[in-house]
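One structure is given here, and the rest of the page talks about it.
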Amino acid sequence: MTNLQPTTPRAGPTGIVVRHIVKKFGELAAVDDVSFEVRAGEIFGLLGPNGAGKSTLIRILTTLIEPSAGGATVAGHDIVRAADAVRKSIGVIPQNMTSDPDLTCEENLTIHARLYGISGSRRREIARELLESVQLGKWAKAYARTLSGGMRRRLEIARGLVHQPRILFLDEPTTGLDPVSRISVWEMISHLRERQGLTLFLTTHYMDEADRLCDRLAIVDRGKIVVLDTPAALKASVPGASVIETRLAPDLPEGASELEALPGVRRVQVQGEALYRIFCDDGPIAAQSLMERVQARQARVQTLSIQSTSLDDVFVHFTGRGMSEAESGPPRGGRVGRTAPF
Amino acid sequence: MNRALAIIERDLRKFFRSPTLLIVTLVLPLVQLVILGNAFGGNIRNVRLGVVNLDHGPEVLPLLRKLNAVAANARTFVPIAYADQGQALAALRTGRLGAVLIIPPHYSRDLLLKLNPQVGLVVDNTDRFVAGSIEGVFNSIAGKMNQPFQRAGTVNLAAPYMQISTVEVYPYIPYIQYLLPGSVALAIFVTAMIGGGIVYIDDKSRGLHEGYLVTPITKFELVTGFIVAGVVKAVISGTTVLLVGGMIAGIQDLFNPTRLALLLLVTLASGLALISFMFLLMARVSDPLVPRAIFGVLNTLLFFPSGAVYPISAFPPWMRAISTVDPFTYAVHGFRMLLLKEVALAPIVRDLALLGVTTAVMLAVASWAFKRSL
């Protein structure tokens, strides 16, 4: 594993310890020798493009499939030898909604509680409390199929909590949700960590989601962990505090090397024809000198945007590719509004 | 028109890409052709005919020779000698015999004295096809016996004169009553096919089962849950069709408590067998198209050879082989005994036992094949 930041292993009985897990499907290694630890009480995220191996890893940790090699303990129990003990201590919110659309919200919860052997009167009590806490109290008697995507996802979260698990797994909790629903799910997840001792493990391919929710974050690509740290530390590891994206017309005669000579510029990436990504210490100052240089060359700036470093840049920095190049999935979230056409 | 081509292209591409669909569209009509083509109108064979000879005189021999000739050639029946008339009739009532021929005492004497002795033919008229065939054969035997015949030489003697008198052991049974047991079995099968096949695989492919698999539920609990739920649904639909159908068909004394209790037993055993069968078929399936595709084929393959619509004794040997291993056969037989014949446990014990064995074997294999993982 490369770039694994040294962390103090404090994975107590409610944490997760992963050691050299490999999962092969035929020749393809979907998960390729991955090791990490999740500490008790933290929100830990796996960030990566579709097909990076996130879901496979979460399915291994939730005992749905067995690893080809390596092992892990979840809440102190071995995922293969003590799979039942693991299942008792975890709640799982899979990527595909597994609540039954033909049952009411309340029925979905009480039946799920029954799977954990929770007694009759207690089941209804738990269901009512949980529905209230995910703001679905009014919808207790509504069929799950009548809920919107965001409400359905909150129902799933409530369902994952009926047996008071110590660790909650969420596989892409906001994929396919509209922006408003995403925020309500995020708030829900942030509330969850307030429950004492609840550890959260989530996967996502949204940079902003990982940035906003996670205490620590592992970036995965092609079955391997590329880097693991807090979002802040990850962003700090990218040279330059700002990123300028710009398109010029026509291109400068000497291209990127000319831009690298600008004051405060650390690194320049060529994104396409006359399309550059400039990492620099101070965005506005670099932009100013960029404009001057371009005008001096009788060229024009077509578009320009200045951003502070995001996890996107971290991904690009460590993998050499943008998330959208690494997959053919949905667009990068939350960046659109900040790019001003020039 | 060009836009219509888009739809045509898509539909054809998908059709030719799905081997399941292709095979089923070809297999279903052929299976129907072969099964239905052999299911109706075949010659009835090997009906067990009890022969009670109370005469023992010499003139019985020509009649017995005729019986043996039929048994050896047309093979409509297999004669089985009974010494006691009561025993033979009891066997007829419990379904072990299809008909009983009673040759009265003094038959030989009456024949020689031209007193028109009457031979009794008691038929099990719950199966009109079998009863009709047997009656037909005996009418032709009587006709031959009564023809003027030539002895060696030239003297024409008047024929001996005997009569066959047919008795139906049950009151008149219309075909709708004959068909009812098959309909009840079909109700159970359809419930198993929809609940245990189509809905089960749909839930699986929608990922609903993933929700079970992350909980501490054991494989045994999962299998038990699916089977018991399936059986409860099958019993509900089977019982409903039984009662409603029984009233429509006009079954006498339908609500006799003993009869209802025994019917429930057969419904339960049939439900268990068919649900286990379905669970075995679906243990490793994940494509929602599969249960839909095999529904029609299975229905044809199991329903018609079971004796639900036409007696098994009229089928060719390969189809009788299907009947033997088809759980439907024993369900239909059990229901028919209780609805049309005797209300008693003894005649259905064999059906219950075979359905039980079927359930045990299929459940064992299915549990082994079922995987508690994705």
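What Kirkwood hydrodynamic radius do you get for region B:175-369 when you take the inverse of the mean 1/r over all pairs of distinct Cα atoms, in Å? Mind showing how you got there, number by number?
Working: mean 1/r = 0.0581 Å⁻¹.
Taking the inverse mean of 1/r over all distinct Cα pairs, region B:175-369 comes out at 17.2 Å.
A cut-off of 5 Å between modelled amide H atoms, ignoring neighbours fewer than 5 places along the same chain, links residue A:302 with A:247, A:248, A:249. The distance between label points at residue B:229 and residue B:87 comes to 5.3 nm (points 7 Å beyond Cα on the Cα→Cβ vector). Database remark: amide H of residue A:221 closer than 5 angstrom to the amide H of A:226 (H placed geometrically; neighbours at sequence offset of 5 or more, or on other chains; Pro and chain starts carry no H). The phi torsions of region A:79-88, fed into the Karplus equation with coefficients 6.51, -1.76 and 1.60 and a -60° offset, translate into couplings of 5, 9, 6, 10, 4, 5, 5, 4, 4, 5 Hz, rounded to whole numbers, with Gly and Pro shown as x.
Compare A:17, A:301, A:134 in a GNM of chain A, Cα atoms joined below 10 Å, and give the one with the largest fluctuation. Answer for the Gaussian network model of chain A: A:301.
Against the empirical 2.2 N^0.38 Å (N residues), region B:18-120 has a Cα radius of gyration ratio of 1.69. DSSP beta bridges fully contained in chain B are about 25 percent antiparallel.
Within 10 Å of each Cβ in B:203-210, how many Cβ atoms from other chains are there, averaged over the peptide? Each step should come with its number before you reach the end.
On the way: counts 3, 0, 1, 5, 5, 7, 1, 9.
That average works out to 4.
Shape analysis of chain A places it in the prolate category; the axes a ≥ b ≥ c from the Cα gyration tensor give an a/c of at least 1.5, with a/b above b/c.
Over the protein assembly as shown, what is the percentage of antiparallel beta bridges among all DSSP beta bridges, to the nearest 5? Display every interim value, and only then the final one.
Details: 48 of 84 bridges.
Antiparallel bridges: around 55 percent, rounded to the nearest 5.
For peptide A:89-102, compute the average count of partner chain beta-carbon atoms within 10 Å of each residue's beta-carbon.
Values: counts 1, 2, 2, 5, 2, 5, 2, 6, 5, 10, 2, 4, 2, 3.
Mean shielding by partner chains, rounded to a whole number: 4.
Residue-normalised convex hull volume from the C-alpha trace of chain B: 193 Å³ per residue.
The mean number of partner chain beta-carbon atoms within 10 angstrom of a residue's beta-carbon across peptide A:310-316 is 0. Rounded to the nearest 20, the size of the Cβ-charge dipole of region B:47-168 about its Cα centre is 300 debye, with Lys and Arg at +1 and Asp and Glu at -1.
Whole-Hz Karplus values for region B:34-45 come out as 5, 6, 5, x, 9, 7, 10, x, x, 6, 5, 9 Hz, taken residue by residue from phi with 6.51 cos²θ - 1.76 cosθ + 1.60 and θ = phi - 60°; glycine and proline positions read x.
Pull out the extension gain between residue A:146 and residue A:230, defined as 0.36 nm times the separation in residues minus the alpha carbon to alpha carbon distance; nm, one decimal. Each step should come with its number before you reach the end.
Values: separation 84, 0.36 × 84 = 30.24 nm, distance 3.85 nm.
Going from the current span to full extension adds 26.4 nm.
Overall form of region A:44-173: oblate. Here a/c, set by the Cα gyration tensor axes a ≥ b ≥ c, is 1.5 or more, and a/b is not larger than b/c.
Using θ = phi - 60° in the Karplus curve 6.51 cos²θ - 1.76 cosθ + 1.60, the 3J(HN,Hα) couplings for region B:91-105 round to 5, 5, 5, 8, x, 7, 10, x, 7, 10, 9, 10, 9, x, x Hz; x is entered for Gly and Pro. Of A:238, B:242, B:136, which is farthest along the charge dipole of the protein assembly as shown in the positive direction, counting Lys and Arg as +1 and Asp and Glu as -1 at C-beta? So the residue we want is B:136.
Computed from point charges on the beta carbon alone (+1 for Lys and Arg, -1 for Asp and Glu), the dipole magnitude for chain A about its Cα centre is near 1000 Debye. Positive end of the dipole of region B:1-109 (Cβ unit charges, origin at the Cα centre): among B:106, B:57, B:23, the Cα lying farthest that way belongs to B:23. Computed about its Cα centre, the charge dipole of the protein assembly as shown is approximately 1500 debye, with only Lys, Arg, Asp and Glu carrying charge at their Cβ.
Could you tell me how far the Cα centroid of region B:1-78 sits from the Cα centroid of region B:166-192, in Å? If we compute the Cα centre of each part, the gap is 19 Å. Each label point was placed 7 Å from the Cα along the Cα-to-Cβ direction; for residue B:15 and residue B:205 their separation is 2.0 nm. Segment residue B:80..residue B:289, full-extension length gain: 70.1 nm, with 0.36 nm per residue of separation and the alpha-carbon distance subtracted.
Which shape class applies to the protein assembly as shown: rounded if a/c is under 1.5, otherwise prolate when a/b exceeds b/c and oblate if not, where a ≥ b ≥ c are the square roots of the Cα gyration tensor eigenvalues?
Working: a/c = 4.05, a/b = 2.90, b/c = 1.40.
Judged from the Cα gyration tensor, the protein assembly as shown comes out prolate (a/c at least 1.5, a/b above b/c).
Only helices enter this figure: runs of n ≥ 4 DSSP H residues, each worth -39500 (n - 2.57), summed and divided by the residues of the protein assembly as shown, yield -15000 deg cm²/dmol at 222 nm to the nearest 500. Among the listed pairs A:23/A:224; B:144/B:341; B:66/B:114; B:233/B:341; A:141/B:204; B:204/B:233, a Cα-Cα separation exceeding 22 Å is found for B:144/B:341; B:233/B:341; A:141/B:204. Spin-label model, residue A:291/residue B:163: points 7 Å from Cα along the beta carbon direction are separated by 12.5 nm. Once C-alpha pairs closer than 8 Å and six or more residues apart are averaged by separation and normalised to the residue number of chain B, the relative contact order reads 20 percent. The alpha carbon centroids of region B:126-149 and region A:13-39 are separated by 81 Å. Principal-axis analysis of the Cα atoms of chain B puts helix B:327-340 at an angle of about 50° to the longest axis. For the residues B:125, B:116, B:73, a GNM of chain B with alpha-carbon springs under 10 Å puts the largest fluctuation on B:73.
Quick note: the coordinates plus some simple rules give every number you see, no bench work behind them. Bear in mind the structure is a predicted one, so any value in this text is a computation, not a measurement. All Cβ positions, glycine included, derive from the backbone under ideal geometry; neighbour counts span all protein chains shown.
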